[in-house]
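The structure under discussion appears below in the form of structure tokens.
Please treat every number below as a calculation from the coordinates, not as lab data. The structure presented is a predicted model; accordingly, all values stated were derived computationally and were not measured. All Cβ positions, glycine included, derive from the backbone under ideal geometry; neighbour counts span all protein chains shown.
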Amino acid sequence: MVHCKMDCCHLNLEDLSFSTRGFEIKEAREKAFFATTPYGLAILRYKEVGQLLRDRRLRQGSHAWPDKNNLRGSFGKFWKRSIIGQEGEYHRKLRDVLVPALSQEYINSLIPEFEEIAMNLCAKLRTKKSCEFMTEFAKPFAGQAMSLLLGLEGRQWEMISQDASDLGLAMGVDCKANEVVFDKAYERLVKLSNDLIEKVQLGRDKTSFVAKLLEQANNFEGFTNLELSDLIVISIFGGVDTTRSQLGLGLLTFIKYPKEWIKLEKDGSLAENAFNELIRERPTTTWVTREAIMDFEFSGVQIKKGTTVHLLVHSSARDPLIDDQQEFNISKRRKKHFGFGGGAHHCVGHFMAKTDSIIALKALVKTIKDVSLNGKVALLPDTGNTSPLRLPIKYQTNDPVKN
């Protein structure tokens, strides 16, 4: 699949003990801009990742994930037909429906309600000195933020939050073992999506993200309910699972670097830069995938049609060729990271993810300090899509009057 005369390393990305932030990555990046893997190529350096993200000789590669992992159930079929796996005119049509429905203006209009969700959860944290962060903040925050977007009421966020987390198992290197779980989660979200579509069609919802989605879909003849449902499910998946996971990984990072938490507490204007630095340091999506649609040569490497190319987010962000200051630092201004992909497949929900995550960080840093671990942390493998499963912490609380 790949031919070159350069000396490069082999990285076993499918090994559950492998970390895309580990020393093997650093050694491989020093040797060459790429490494071989069981899945194809891994691209390790910033310059080459940026170039290949926009290279038209590659297509979005995640469409092949179900076949490569023998996922034959309902989720695998959905994934292959979803916006993630599409290209060309049809992909542009789906984006033309989805992107305006998640406009910056619309997301900004929800900021006060996002802030209220964060403050209410933080109020509960103030009543104690320890918690399990994923279940007591990250999961309910991400779930309630998405519930607000969808126009849901009550505690329906619990279902979508759990189901989005279960869908995240489909992106792990051990996904086949969890297929029954994420298939059932997908099917529940399809039912919810169809109910939400019907609610809009009956005129009982005119303001939610779903209503805006249907409004955009009306610009295209023959846009089906299945296509709408797929867009809603992928939005729930990305919007909930990514935020939940990145908040957990973010707090874990701040525990490792407590001085940075103090820095953020003293200067809330650093929150956006902190959000981006957290993705550089410990991203939930450890690679962006592309697939060669033709034979071609790239920087001395012959890449055959069908080759999978993984663009490693952390490795590219910590490439010493662009920045030799590797230490996590929320006040350091760095080059743009590739945590949200790039090119035609740049993440459509990036503004939502950034907005609600920054709100969560600001609320948390006003609430808790001196944060440390309070028991054993459980994590998904640090390759593929990763996340804390359990994150017990202890902390002191800030005086709400002073903040």
Checking Leu13, Leu226, Leu196 against a Gaussian network model of the chain (alpha-carbon springs below 10 Å), the top fluctuating residue turns out to be Leu226
Show me, for the range 224-238, the HN-Hα J-couplings you get by feeding each phi into the Karplus relation (A = 6.51, B = -1.76, C = 1.60, θ = phi - 60°), rounded to Hz, glycine and proline as x. 8, 5, 5, 5, 5, 4, 4, 5, 5, 4, 5, 5, 5, 4, x
Quick one: longest stretch of the chain between exposed loop GluC sites (Glu not before Pro), exposed meaning at most 11 other C-beta atoms within 10 Å and loop per DSSP? 1-152
With labels modelled as points extended 7 Å from the Cα through the Cβ direction, what inter-label distance (nm, one decimal) is found for Met119 paired with Gln302? 6.4 nm
May I have the convex hull volume per residue, in Å³, for the Cα set of the range 2-402? 133 Å³
Label Asn225 and Arg57 with points 7 Å out from Cα along Cα→Cβ: what is the distance between them in nm? 4.6 nm
Under 23 Å Cα to Cα from Lys332, which lysines show up? Leave out anything in the same chain fewer than 8 places away. Lys26, Lys47, Lys256, Lys259, Lys263, Lys266, Lys354, Lys362, Lys366, Lys369
From the phi angles alone, apply the Karplus equation (6.51, -1.76, 1.60; θ = phi - 60°) to the range 155-161 and give each ³J(HN,Hα) in whole Hz, x where the residue is Gly or Pro. 9, 5, 4, 4, 5, 5, 5
Derived scalar couplings ³J(HN,Hα) [the range 83-99; Karplus, 6.51 cos²θ - 1.76 cosθ + 1.60; whole Hz; x for Gly, Pro]: 4, 4, x, 9, 9, x, 4, 5, 4, 5, 4, 4, 5, 5, 8, 6, 4
Hits in the range 10-26: amide N under 18 Å from the 7 Å Cα→Cβ extension of Asn70, namely 14-16
Which residue, Leu202, Leu98, Leu278, has the most motion in a Gaussian network model of the chain that connects Cα atoms within less than 10 Å? Leu202
Between Thr37 and residues 5 or more places away or on another chain, the pairs with built amide H atoms under 5 Å apart involve Leu11, Ala42
Give me the distance in nm between label points sitting 7 Å out from Cα along the Cα-to-Cβ direction at Lys191 and Lys77, one decimal. 1.7 nm
